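Engineer: Before I ask anything, here is the structure I am working with.
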Amino acid sequence: EFKTTNIDEVAVEIEQVFANNLVYFLTSGYGDQRGYYGRSGPLGRSLLVKDKVIEGTKNEPRLTTVDVKGIVGDSAKGIFQIAVKDKGQRWISDSRYAMITDIGISARLSEDYLMVWANSLATAEPVRGATVTLISRNNQPLVTGRTDGRGIAVFENIKTKLTGFEPFVITVSAADDLA
């Protein structure tokens, strides 16, 4: 949802962020700068660029909702950036991130142990056989494994694998889904 005042027309832009670019996307500030510098950056692919007329009264805030799932369809999963820019003055902009997924993730990291539990958000059933990856802040996969029949992946004795690295993000992927 975006709030605008005295803007009659906006350009709506949706970009999907590729999974291998998530760490850079989340750490670089790229997502914050994208609203000004433009679309189709090197971190993903542009899915939509569309003009939208904003109806409303002058000097009154107007709320506009962008239905990302309705635009990208049921088959697209992952991380998306949605930007809305004033049609005439593109530097007046705002952006949001959205994740479309059916995978819920819970994790516990202790000094020498990581447990990740993945379940379906729709059914609460375990996500079996999903690939779990712990990635460092400098985009290095630290540990990778698969969930068992309970939707759980356990990584023991990982202290040495984390030496010199800062754990940053956990990804879980199953079939065409990513969280």
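Engineer: Report in % the part of the accessible area of the chain that belongs to carbon and sulfur, leaving out ligands and nucleic acids; probe 1.4 Å.
Structural biologist: Details: 4900 of 10110 Å².
Summing carbon and sulfur atoms, their accessible area is 48 percent of the total for the chain.
Engineer: How large is the accessible surface of LYS159 in square angstrom, using a 1.4 angstrom probe and rounding to the nearest 10?
Structural biologist: That residue has around 100 Å² of solvent-accessible surface.
Engineer: Here's something else I'd like to know. Which whole-percent values make up P(r) of segment 43-130 when all C-alpha to C-alpha distances are grouped in 10 Å steps starting at zero?
Structural biologist: Percent of Cα pairs in each bin: 12, 32, 26, 17, 10, 2.
Engineer: I would also like to ask the following. Put MET99, MET115 in order of accessible area, largest first, 1.4 Å probe: what do you get? Walk me through the numbers before you get to the answer.
Structural biologist: Numbers: MET99 100, MET115 65 Å².
Largest accessible area first, the residues go MET99, MET115.
Engineer: Something else about it: With N set to the residue count of the chain, report its C-alpha Rg divided by 2.2 N^0.38 Å to two decimal places.
Structural biologist: The reported ratio for this selection is 1.22.
Engineer: Per residue, how many Å² of accessible area does the chain show with a 1.4 Å probe?
Structural biologist: 56 Å²
Engineer: Starting from the Cα gyration tensor of segment 93-132, take the square roots of the eigenvalues, sort them a ≥ b ≥ c, and report rounded, prolate or oblate (rounded when a/c is under 1.5, otherwise prolate if a/b is larger than b/c, else oblate).
Structural biologist: oblate
Engineer: What does the net charge come to around VAL154 if you take all other residues with beta carbon closer than 15 Å to its beta carbon, with K and R at +1 and D and E at -1?
Structural biologist: +2
Engineer: Just report the Cα centroid separation between segment 128-163 and segment 45-116, whole Å.
Structural biologist: The distance from the Cα centre of segment 128-163 to that of segment 45-116 comes to 27 Å.
Engineer: What ranking, highest mean first, results for peptides 17-24, 88-95 when packing means the other Cβ atoms within 10 Å averaged over each residue?
Structural biologist: 17-24, 88-95
Engineer: Could you work out the helix-only [θ] at 222 nm for the chain, with each DSSP H run of four or more residues adding -39,500 (n - 2.57) and the total divided by the number of residues, to the nearest 500 deg cm²/dmol?
Structural biologist: Helix-only estimate at 222 nm: -3000 deg cm²/dmol.
The values are calculated or read from the model by the stated rules, or taken from the named source; none is laboratory data. All values derive from a computational prediction rather than experimental measurement. Glycine also receives a Cβ, built like all others from the backbone with ideal geometry; neighbour counts cover every protein chain displayed. Accessible surface areas use protein heavy atoms only, side chains included; no ligands, DNA or RNA. Shrake-Rupley method; radii C 1.70, N 1.55, O 1.52, S 1.80 Å.
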